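Have a look at the structure below, then the notes.
The values are calculated or read from the model by the stated rules, or taken from the named source; none is laboratory data. What you are looking at is a predicted structure, and each value in this text was computed from that prediction instead of being measured. Quick reminder, even Gly has a Cβ in these numbers, built from the backbone with ideal geometry, and neighbours come from all protein chains shown.
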Amino acid sequence: MKKMMLLLLSAVAFWGGDAFGKDRGKVTPSDSVEITKRLEPVIVYSHRRAEDLHIVPLSVSAFTPSKIEREGIVGIKDVTARIPNFYMPDYGNKVNSPIYIRGIGSKFNTPSVAFYVDNVPYFDKSTFDFDLFDVKSIEIFRGPQGTLFGRNSMGGTVSVYSKEPSSTMRNRLVASYGDYNFMRFLASHSNTYGKVGVAAGVSYAKRDGFFTNSFNGKKVDNLENLNTKFSVSYKPNETFTVKVIGGFGLNNDGGNPFNVYDASTGAFKDVNFNEESYYTRNMVNGAAVLSKKFGDFELRNVTSYQYFQDHQHLDNDYTAEDLYTNDFLQYQNLITDELVFLTPKIGKWSSQTGAFFFSQKMDKGFDIKNGNDVSRYMGVKDPSKTKNIPNAAVNTQTGEKSNGIAFFHQSQFSDVFIKGLNVSLGGRLDYENKKFDYYNAVKLPNPIVITTPSGVIKVPLPANVPNPMVTTKDYSKDKLVFLPKATVSYDLLGQNVYASWGLGYKSGGFNTSYDKSNPKTIAYNPEFAENVEMGVKTKWLDSRLMANVSVFYTDWRDQQINVFLPSGEGLMITNAGHSFTKGAELEVNAIPFTNVQLYGAYGYTVAKFLDYRMNDATVYDGNYLPFVPRSTLSLGGSYRINLDDRGNSTIVLGVDYERVGKHYWNDANAFSKFANAPSFQRPWFNINATVGYTYKNLNLTLRGKNLTNERYNTYMYEYEVEKFQNLYAQKAKPRMVFVELTYRF
């Protein structure tokens, strides 16, 4: 069966997939075989008004419902490389889901890219990775978006919008099955009942792991998740709308399938660790949206609440030895409210003015426990000062309460001085207060038992060593910033030429682990990015060809970076002095023939440290920023074959090519303890393909991902505690083929 699937996919590898019909109520024959002769306008919603992407004077990309379904996008990670200079590495599990746009991102601390779902902000990147379904748009803005989106939108903004309740009944059932015992089931309903609109859906997915733990023969990275969403709107008249949206997600994932580097062979060993690992997450979202129109003016308010709780248990050394285990827990309560007043175009002027408030409470807990085998790596002379002590445990608990308020305004002026010249000016005043509670307890066994080749040594703790050793701290900090932005655009013979300047900001914070000899390291400062860009958006050949080009330069100051603690146990965040990113982007969409669509996206980024000195002996000036691909490339196309004149039967063929360029793994651009190991990831690519058949309301699709079974690493890092040191890597997911059956009614 698998061979037949692969042969079928390979036979059509020069074509691209397309959606099986438009999702506009009940599916009719015309929905399934709509003739495509020109590119339809793409609408973006993130500026709180529906706008044609072609006239928005910003670097923004958008995925329509047909593109989302055609390319099989079920999570934000699937967008990697399909957007210029957009990279979301697919490694580990959902607890760490960083996003990088134009080289700006954050792996360990507060995200540098804002994330919104239906105008509701998601503050923590542990909430970014979830199943997407019934989505009408995915919009990605590149570059600082501080004026309208505020804090932590330095790299850009990702906005996801769900489909609205339909005016006629729309139901959808989806069932998928494939390699690695992959299963996915989806059911959704949408309809309007008088003045009430209802949309609801539920998805369930399960998959065995791609990698096997040779220690116990079990799969490592299995997953199982359940997600629901709903929207209920009430519109008593044409000027007033009330909408309640919400949902919850339950996730139960396996551990990280890290491989240990073998310096003697220059290769990575198979996955082999003794402690079973897992990650669980529960997340609940809810929001109330009120909209009141006064003629062409509109007052809109969005109040939201988000709760998530997660727990990660892992083998911290990823070896068969009994060394280190780690439990990491998070609890978040987040309340936000945004009030916006939108004015229509009055003469040459329009605007939006608003206020934003948030209150976030984040509690975290860390439990690190040492096993019996750590004595092989510890120093014996002064065991009271080493952390490599068998059966020692460290418990850290932190509580961070953040409150913020912001006021923002943006004005748009059209036909300034000359026809077609437009100017947008905006600013945001952002205030934030953070309070931080820190508790740390180190519990040591007494006596300390050390196993050596010559026998067992028992060393009592000195009388002056407290046990447990407890540290508590309370901190507070405030920050007030102003984030301006200016954009100029000009309609040049129907093409949109633009330039913009803006300031982005990411808040500072507190470390959950820090250098005890330097208490000031418990806090780190905010970072700022000043961005300049120019671009042009074009349409040609009666909208059969669209091409967008942009260039940018971002000056990045006080970048928050991760460094190892002096003890080697754990990481802390500090600020580098000065960095930059610069590059170019290109997007092309074309319909060269009826029912044939081609598309491509290319991004190029150079991101380096200008001034980064860890100490007198360690200088990283001129090094490349880690986790930043030099380039991203996506190519693909779609071809639809109508099998009858009545539109009851169609075939869809498809392929997509994605390539991610060279990128380094750490600030040093090298692994200090493993000089012969690869210090960077070479460019890698994936080929994905689809073959589909539609008969009336029934769709059968065969999808394949990474068809050539490319092998590369999605993450690498080195870890050292005294005499214990290892280099780890996680391999990319292998080829996967699955079939998908969809029924609409």
Whichever residue in segment 718-729 is in contact with a Gly (Cβ under 7 Å, 6 or more places away or on another chain) and not aliphatic (A, V, I, L, M) and, among such residues, is modelled with the lowest pLDDT: E722
For segment 505-520, what are the residues that are at pLDDT 85 or above and not in a strand (DSSP E or B)? S507, G508, N511
Restricting to segment 184-207, give me the number of residues that are touching a Ser or Thr at 6+ places or on another chain (Cβ under 8 Å) and aromatic (F, W, Y). 1
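A quick yes/no check of all residues on (1) closer than 28 Å to Q597 by Cα; (2) buried (at least 23 other Cβ atoms within 10 Å of the Cβ):
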position	(1), (2)
G72	yes, no
K77	yes, no
N85	yes, yes
N93	no, yes
I104	no, yes
V113	no, yes
K125	no, yes
F128	no, no
V135	yes, no
Of all residues making up segment 40-75, the number that are over 27 Å from T353 (Cα atoms) and of a type in the set (K, R): 2
Being among the acidic types (D, E) and out of contact with any helix residue (DSSP H, G or I) (no Cβ under 9 Å at 6 or more places or on another chain) is the filter here; which residues of segment 428-458 pass it? E432, D437
Give the residues of segment 347-374 that are hydrophobic (A, V, I, L, M, F, W, C) and at pLDDT below 95, sorted by residue number. F366, I368, V374
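Identify all residues within segment 286-340 that are part of a strand (DSSP E or B), acidic (D, E) and within 22 Å of Y717 (Cβ to Cβ); write none if there are none.
Listed by number, the residues that qualify are D310, D315, D327.
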In this structure, does S638 turn out to be buried (at least 17 other Cβ atoms within 10 Å of the Cβ), touching a strand residue (DSSP E or B) at 6+ places or on another chain (Cβ under 6 Å) and either without any contact (Cβ under 8 Å) to a residue 60 or more places away in the chain or farther than 20 Å from S106 by Cβ (or both)? yes
Within segment 607-621, is even one residue within 22 Å of A62 (Cα to Cα) and modelled with pLDDT of 95 or more? no
Note on segment 236-259: residues surrounded by fewer than 20 Cβ atoms within 10 Å (Cβ to Cβ) and within 30 Å of T319 (Cα to Cα) are L250, N252
Quick check on segment 242-251. Is at least one of its residues not in a strand (DSSP E or B) and not aromatic (F, W, Y)? no
All but one of (1) modelled with pLDDT of 90 or more; (2) of a type in the set (G, A, S); (3) under 26 Å from R172 (Cα atoms); (4) crowded, with 23+ Cβ neighbours inside 10 Å hold for A81; state the number of the condition that does not hold. (3)
For F357, are the conditions met, namely being loosely packed, with under 15 Cβ neighbours inside 10 Å and part of a strand (DSSP E or B)? yes
Out of A576, A547, I need the residue that is at pLDDT below 90, within 28 Å of M154 (Cβ to Cβ) and surrounded by 15 or more Cβ atoms within 10 Å (Cβ to Cβ). Which one? A576
Restricting attention to segment 670-712, and to residues there that are aliphatic (A, V, I, L, M) and at pLDDT 95 or above, which single residue is farthest from the chain's Cα centre (by Cα)? L698
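Here is a yes/no grid of residues against (1) crowded, with 16+ Cβ neighbours inside 10 Å; (2) within 29 Å of V606 (Cβ to Cβ); (3) touching a helix residue (DSSP H, G or I) at 6+ places or on another chain (Cβ under 8 Å):
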position	(1), (2), (3)
G654	yes, no, yes
K662	no, yes, no
F674	yes, yes, no
G692	yes, no, no
K723	no, no, yes
A729	yes, yes, no
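Residues are listed down the side, and each one gets a yes or a no for (1) within 19 Å of T742 (Cβ to Cβ); (2) of a type in the set (G, A, S); (3) surrounded by fewer than 19 Cβ atoms within 10 Å (Cβ to Cβ):
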{"residue": "Q145", "(1), (2), (3)": "no, no, no"}
{"residue": "R151", "(1), (2), (3)": "no, no, no"}
{"residue": "M169", "(1), (2), (3)": "yes, no, yes"}
{"residue": "A187", "(1), (2), (3)": "yes, yes, yes"}
{"residue": "E224", "(1), (2), (3)": "no, no, yes"}
{"residue": "V232", "(1), (2), (3)": "no, no, yes"}
Just one of the numbered conditions (1) in contact with a strand residue (DSSP E or B) (Cβ under 6 Å, 6 or more places away or on another chain); (2) touching a residue at least 40 places away in the same chain (Cβ under 8 Å) is not true of D322; which one? (1)
Within segment 529-605, strands (runs of 3 or more DSSP E) holding 1 or more residues that are under 29 Å from V497 (Cα atoms) and without any contact (Cβ under 8 Å) to a residue 12 or more places away in the chain: 578-593
Only residues that are at pLDDT below 85 and either touching a helix residue (DSSP H, G or I) at 6+ places or on another chain (Cβ under 9 Å) or of a type in the set (G, A, S) (or both): list them for segment 47-56, please. H47, R48
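Every residue, every condition in (1) surrounded by 15 or more Cβ atoms within 10 Å (Cβ to Cβ); (2) in contact with a helix residue (DSSP H, G or I) (Cβ under 8 Å, 6 or more places away or on another chain); (3) under 17 Å from Q730 (Cβ atoms), yes or no:
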| site | (1), (2), (3) |
| --- | --- |
| D262 | no, no, yes |
| V271 | yes, no, yes |
| F308 | yes, yes, no |
| Y324 | yes, yes, no |
| L339 | yes, no, no |
Options S351, S375: the member that is surrounded by 15 or more Cβ atoms within 10 Å (Cβ to Cβ), assigned to a helix (DSSP H, G or I) and among the polar types (S, T, N, Q): S375
Of residues in segment 127-152 being under 19 Å from K401 (Cα atoms) and in contact with a Phe, Trp or Tyr (Cβ under 7 Å, 6 or more places away or on another chain), the one modelled with the highest pLDDT: T127
For segment 259-282, check the following and say yes or no: at least one residue is on the phi > 0 side of the Ramachandran plot and without any contact (Cβ under 8 Å) to a residue 12 or more places away in the chain. no
Consider Y715 against the criteria (1) modelled with pLDDT of 95 or more; (2) hydroxyl-bearing (S, T, Y); (3) under 21 Å from the mean Cα position of the chain (by Cα): it satisfies all of them except one. Which criterion is unmet? (1)
Scanning segment 52-67 for residues that are hydrophobic (A, V, I, L, M, F, W, C) and assigned to a helix (DSSP H, G or I), which turns out surrounded by the most Cβ atoms within 10 Å (Cβ to Cβ)? L53
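Check segment 276-290 and report whether any residue there is of a type outside the set (K, R), farther than 30 Å from G197 by Cβ and either crowded, with 20+ Cβ neighbours inside 10 Å or over 30 Å from the mean Cα position of the chain (by Cα) (or both).
Yes.
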Note down all Cβ pairs under 8 Å where the first residue falls in segment 132-156 and is more than 26 Å from P65 (Cβ to Cβ) and in contact (Cβ under 8 Å) with a residue 60 or more places away in the chain, the second is part of a helix (DSSP H, G or I) and not acidic (D, E), and they're at least six residues apart or on different chains. M154/G146
May I ask you to list the residues in segment 609-623 that are crowded, with 20+ Cβ neighbours inside 10 Å and in a strand (DSSP E or B)? F609
